[in-house]
Amino acid sequence: MVTILNRPAAVDAPEILSKPQVTPQVTPQVTPQVTPQVQKLLTIMEDEMDRDQLQNAFGLRARKNFRLLYLQPALESGLIEMTIPDKPRSSKQRYRLTETGLEFRKKLGNQK
């Protein structure tokens, strides 16, 4: 047995047709949201640096916390990149600022 629902047509509701679109257009976010730790990382980075150099610049000892609070968020937001992305655990792995990271660092410098 087939049941047909009786729905009013859009033509029967002129108030729907006359309302302007209320939904705002979404624009892509140009500046990524970054934590204070990532902001510090961006200001400290010079050319290419390995994890030990970066950790020593901060005076931090715990690798896991450094990776979770500093490196991963910066990598995920595209502000830094690995020099050997195919081998993330390489002993020769180094990190450098991306174009986005350089632009963001410039903006940080202008705010101070």
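Read the figures in this text as sums done on the coordinates, not as results from a lab. Because the structure is a prediction, the values reported are computed rather than measured. Glycine also receives a Cβ, built like all others from the backbone with ideal geometry; neighbour counts cover every protein chain displayed.
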What whole number of Å gives the distance from the Cα centroid of the stretch 30-76 to the Cα centroid of the stretch 94-111?
12 Å
Please count, across the stretch 32-111, the pairs of lysine residues with Cα atoms under 24 Å apart that sit 8 or more places apart or on different chains.
6
Return the distance in nm (one decimal) between the two label points of a simple spin-label model at Gln111 and Arg94, each offset 7 Å from Cα along Cα→Cβ.
2.9 nm
Karplus couplings for the stretch 71-79 from phi (6.51 cos²θ - 1.76 cosθ + 1.60, θ = phi - 60°), rounded to Hz, Gly and Pro as x?
5, 4, x, 5, 5, 5, 8, x, 8
State the extension gain, in nm to one decimal, for the chain segment bounded by Leu102 and Asn56, taking 0.36 nm per residue of separation less the distance between their alpha-carbons.
14.4 nm
Once amide H atoms are built 1.01 Å from N in the peptide plane, which residues 5 or more positions from Asp50, or in another chain, come under 5 Å H to H?
Tyr95
If the stretch 32-111 were replaced by its equivalent ellipsoid, with semi-axes equal to the square roots of 5 times the Cα gyration tensor eigenvalues, what would those be, largest first, whole Å?
19, 14, 11
